[in-house]
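The values are calculated or read from the model by the stated rules, or taken from the named source; none is laboratory data. Here the structure is a predicted model, which is why all the values come from computation and not from measurement. No Cβ is skipped: glycine too gets one built from the backbone with ideal geometry, and neighbour counts run over all protein chains shown.
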Amino acid sequence: MTAFIVRRLFWTLPVILIVIFFTFVLMRQIEGNPFRTSERNVPESIQQNLEEKFGLNDPWYVQYAKYVKGVFTLDLGPSLVLRGRDVNDIVREHFPESLELGGLAMLFALVVGIPLGMLSALRANSFLDYTAMFFSNVGFAIPSFLVATLLIYFFALQWGDVFGFPTSGWTTWQSKVLPSLALGLGPMAYFARLTRGTMLETLQQDYIRTAKAKGLRWRRIVAVHALRNSLIPVVTAAGPILGFLITGSFIIEQIFAIPGIGRYYVTAVTGRDYSVVMGLTVLLSIIVILANLVVDILYGILDPRTREART
Amino acid sequence: MATPARSAAEHAPLVVSPTAETMAGAPIRQRNLWQDAWFRYIRNRAAVAAGVVFLIVLAYCLIFPLVSPYDPYDVEFSDARQNPSLAHPLGTDAFGRDLLTRTALGGRVSIGIGFAATLVILAIGVAYGSISGFIGGHLDNAMMRALDALYGLPYLPFAIITLAILGNAGFWTMVIALSIASWLTTARIVRGQMITLKENDYIRAARSVGARWHRILLRHLLPNTLGVLVIAVFLELPGVILGEAFLSFIGLGISPPEASWGSMAQEGYKNYRVFPLLIVIPSVAIATLILCANFIADGLRDALDPRTRET
Amino acid sequence: MAALEVRDLQTHFFTREGVVRAVDGVSFSVDRGQTLGIVGESGCGKSVTALSIMGLIPKPPAKIVGGEVQWEGRELTTLSERQLEDVRGHEIAMIFQDPMTSLNPTLTIGTQIKETLRRHLDISKDAARKRAIELLDEVGIPKPESRLDDYPHRLSGGMRQRAMIAIAISCNPELLIADEPTTALDVTVQAQVLDLLEELQASHEMAMILITHDMGVIAESADDVVVMYAGQIVEQAPVQELFDHPEHPYTEALLGALPQIDDASGRNQRLTAIRGRPPDLIDPPKACRFAARCPHASSGDSCATHMPELREIRPGHFVRSQHPASERAGKRVEVTA
């Protein structure tokens, strides 16, 4: 198991290098980007700063190497727009909010979605099943901006006195409830549908029949034999979704005025602060990669067959 | 096990020998695959209903702007924010434009971008996946490693960067932005299908009689991936339509007065405290389409790939 | 009294197309130390019979609609699920056809044995582990201590089936039901597993029900044989009697389909096949269910309109046919394809 994790960690390095490379190449295409010396209206001090940091007159591969070095030494360079501020400052300031929002939304999605899907599968074709699946299908299809606005409209404005949820911000626990729900609803519905499907499939398996033939109690069959095997596909899906929740919270952060990284990302793109865009993109990519890494390790724990086969 | 099999083979002699079980289990096709799939599909009530609604929405978006008495761009402030009435079945927006007409217009753009991007995704995915799967060996290995790395790219940030590179956001820039980081899954599916098919006996047979590789690819492999691709269209469509909506909503996609469901939702969002209908209508349109696409995809999967059918 | 007595068992599947009479009035009994072979082609109801005894039929769509399953004087069909759970794996154990899918791939072999032991016997963790090692040793798995912590995918098919057998005999059951235990295995391994089952049956003094479509397996292991066709018993006899004097045309066909390797002339003979296919078990014909395929039946016979009774043609030998071999006055008609 340890060897498996080490191998997997090792493989993460080239992936990060490739992702940085792609980002780097893409960013070089943008007009007025930090890695093109011509036609730029960047303040002189920042220009010098960049020059010094990434050697803008060096060939591109030297620039790339220097940028990679920057990433691995946790130094993403200066902001093009904000004088005297580094990308690092921005990450430090805005990232915790996004991480917390994504984490809470994920928690909501897992804690509600998986049991809901399990219940649906165990009571397949019952009224409960149909109701749960109806809401899951709808919840999965509704865009998060509608969920967010409706939540604000009803729980913060119309019935705000009863519930006491604020319309925006990210300070008190009350202010964190609605954004987390709005962001997590879609994934929650997805997990419910997925868990139901895999659970139903698992319950059909021969080894479940074996477990019954052994006289095991139904509770144990569900908890030990069915659940573990049904969770394998769920875990596989959870990685990309966690990545999406942390990197794709632009809209929720905008609607609830949460000072997170997603909101800042949009600001940076429209404000042409490309060194910030580049830094944040690399950061978000690394998060996605790490989320996938965690999933692979979990996958290895849940399914012993993959430990040997996969690197 | 379960119920005795009732195959279509009315007069096949049953050989009772040690291998009788396996031989009797082999189905004999009397209808071709697509007819078979069609019969299975129309038995699935949810999928049929979803298909009908989907076609109705398509027809409405295509035809209604032609026959509507209102000009979707015509600003009439005296008619602003009207509730639904006989004259305006869905009401009017903040500029007094008829919402029923404008939603159809927005649908043309959203669905158009959705289908165009889906086709681009499939084209790239098929090319990449079939090359990787068909040629196999070291190339396959390298291509799959590269794919693994690309999975680290966060989807929305890359769409945003692409938009920034391409400059102003129009129909085709949106298509490119939405497909650039979304073809990975399709490529993986196509490769998997290719590898499975390649191991099939009839492909081996074709090889053994000396069929040329391009003939095998074009006559045997690609037609047999068609089923997977048809499903993939409806699997990819929701993501792309949501992506368009997200980008337009944060102001980086289609911008007013051009209509897309995302840009309409953005306009509606500005007014949601006083007139929530404006964000609800385009969102419900998006949700309807996605819901239909999901059910259609489920139905198609059951119809085209009976092995994976859920109970 | 017999350990297990099944009387007029009827298990039906309630499907959208109609009621499938998968098991339609089956009766037999098994004594301790005896092996009952149930033979028939797929879909004849032999597996459903076994699952009905265990209470493992998928409900819905299946349901036991009639008959009795008497186990050591207790009626199993009326037991609650919780009471049945105490019987399963403890008094009656079962092994299945495909050892590849019948073991949980995410749990070690040891866990899957130990959980059975801990469920039915009042036994400590350490004792369960010790017992599990003994069991693996007993079923002939080499290096049992290290195999205990292996996952099923590390074992070959034959070894997995041995592990399945170890699980089944772990609580010293009085009846072992083996549903096609060798079908999914390599031919060379099949004989080993059958031998193992016979050995264990003798040493544990178990009753055994051996379900198969393979007359060769029956010949090797069974004491009594039940031949099933389309949800019913068509012939029932001690094994020697059945092989020497098969009465039912279907049984004759099954035996004719068995390759005769030691018979010099057999090499040149073709394997005989039976024309047609079993009847639809939704609304089966009132007639003999084999009539449509029977080489001896003609349209004027009463078996074309009435179901023949299962009758005792010789002591201990039952047959459900109007045209048993011994009543055909010597003219043995060859069943051919």
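Odds and ends about this structure:
- Residue within the range B:208-216 that is assigned to a helix (DSSP H, G or I), in contact with a helix residue (DSSP H, G or I) (Cβ under 7 Å, 6 or more places away or on another chain) and either more than 12 Å from every other protein chain (Cβ to nearest Cβ) or modelled with pLDDT under 90 (or both) present: yes
- Some residue of the range C:157-167 being more than 20 Å from residue C:91 (Cβ to Cβ), surrounded by 17 or more Cβ atoms within 10 Å (Cβ to Cβ), within 14 Å of chain A (Cβ to nearest Cβ) and over 17 Å from the mean Cα position of the chain (by Cα): yes
- Candidate set: the range C:13-39, residues that are within 11 Å of chain B (Cβ to nearest Cβ) and out of contact with any Gly (no Cβ under 9 Å at 6 or more places or on another chain); chosen: the one nearest to residue C:92 (Cα to Cα): C:39
- Filter result for the condition that a residue is buried (at least 23 other Cβ atoms within 10 Å of the Cβ), closer than 30 Å to residue A:268 by Cα, free of Cβ contacts under 8 Å to residues at least 60 places away in the same chain and within 14 Å of chain A (Cβ to nearest Cβ), over B:153, B:147, B:166: B:153
- Count of the range A:203-233 residues which are crowded, with 22+ Cβ neighbours inside 10 Å and touching a Ser or Thr at 6+ places or on another chain (Cβ under 7 Å): 6
- Restricting the range A:222-240 to residues that are within 11 Å of chain C (Cβ to nearest Cβ) and small (Gly, Ala, Ser), the residue that is nearest to the chain's Cα centre (by Cα) is A:230.
- Failed criterion for residue A:219 (all others in (1) touching a residue at least 12 places away in the same chain (Cβ under 8 Å); (2) more than 10 Å from chain C (Cβ to nearest Cβ) hold): (1)
- The requirement of being within 14 Å of the chain's Cα centre (by Cα), in a helix (DSSP H, G or I) and more than 9 Å from chain B (Cβ to nearest Cβ) is not satisfied by residue A:268.
- Given (1) in a helix (DSSP H, G or I); (2) within 11 Å of chain A (Cβ to nearest Cβ), number of the condition residue B:264 does not satisfy: (2)
- Residue B:190 meets the conditions (1) buried (at least 18 other Cβ atoms within 10 Å of the Cβ); (2) within 14 Å of another protein chain (Cβ to nearest Cβ) in every case but one. The failed one is (2).
- Some residue of the range A:226-234 being without any contact (Cβ under 8 Å) to a residue 60 or more places away in the chain, part of a helix (DSSP H, G or I) and in contact with a Pro (Cβ under 7 Å, 6 or more places away or on another chain): no
- Subset of the range B:273-287 (residues that are more than 7 Å from chain A (Cβ to nearest Cβ), under 16 Å from residue A:144 (Cβ atoms) and touching a residue at least 24 places away in the same chain (Cβ under 8 Å)): B:282, B:285
- Matching residues in the range C:1-56 - criterion: being among the charged types (D, E, K, R), in contact (Cβ under 8 Å) with a residue 60 or more places away in the chain and assigned to a loop (DSSP other than H, G, I, E, B): C:17, C:31, C:32, C:41
- Pairing each residue of the range B:80-104 that is modelled with pLDDT of 80 or more with any residue that is part of a helix (DSSP H, G or I) and among the aromatic types (Phe, Trp, Tyr), provided the two are 6+ apart or on different chains, yields C-beta distances under 8 Å for B:100/B:64; B:101/B:64; B:103/B:261; B:104/B:60; B:104/B:64.
- Within the range A:117-166, the residues that satisfy the criterion of being in a loop (DSSP other than H, G, I, E, B), exposed (fewer than 14 other Cβ atoms within 10 Å of the Cβ) and either at positive phi or within 11 Å of chain B (Cβ to nearest Cβ) (or both) are A:125, A:164.
- Assessment of the range B:243-263 against the conditions (crowded, with 24+ Cβ neighbours inside 10 Å, at pLDDT below 90 and touching a Lys or Arg at 6+ places or on another chain (Cβ under 7 Å)) yields at least one matching residue.
- Scanning the range A:250-265 for residues that are surrounded by fewer than 24 Cβ atoms within 10 Å (Cβ to Cβ) and not in a helix (DSSP H, G or I), we see that the one that is farthest from the other protein chains (Cβ to nearest Cβ) is A:259.
- Residues in the range C:195-214 that are within 14 Å of chain B (Cβ to nearest Cβ) and among the hydrophobic types (A, V, I, L, M, F, W, C): C:211 only.
- Residues of the range A:123-140 satisfying the condition of being over 30 Å from the mean Cα position of the chain (by Cα) and of a type in the set (A, V, I, L, M, F, W, C): A:124, A:127, A:128
- The set of residues in the range C:89-105 being surrounded by fewer than 21 Cβ atoms within 10 Å (Cβ to Cβ) and more than 16 Å from the chain's Cα centre (by Cα) consists of C:90, C:91, C:100, C:101, C:105.
- Single residue of the range C:131-156 satisfying the filter (among the charged types (D, E, K, R) and loosely packed, with under 15 Cβ neighbours inside 10 Å) that is nearest to residue C:205 (Cα to Cα): C:134
- Some residue of the range B:225-238 being away from chain A (no Cβ under 14 Å), of a type outside the set (D, E, K, R) and outside any helix (DSSP H, G or I): no
- Verdict on residue B:111 being at the interface with chain A (Cβ under 10 Å from one of its Cβ atoms), in a helix (DSSP H, G or I) and modelled with pLDDT of 85 or more: no
- Flag for residue A:197 being under 30 Å from residue B:291 (Cβ atoms) and either out of contact with any Pro (no Cβ under 9 Å at 6 or more places or on another chain) or within 14 Å of another protein chain (Cβ to nearest Cβ) (or both): yes
- Per this entry, residue A:110 is not counted among residues that are surrounded by 15 or more Cβ atoms within 10 Å (Cβ to Cβ), within 12 Å of chain B (Cβ to nearest Cβ), part of a helix (DSSP H, G or I) and of a type in the set (A, V, I, L, M, F, W, C).
- The set of residues in the range C:104-152 being touching a residue at least 12 places away in the same chain (Cβ under 8 Å), assigned to a helix (DSSP H, G or I) and among the polar types (S, T, N, Q) consists of C:112, C:116.
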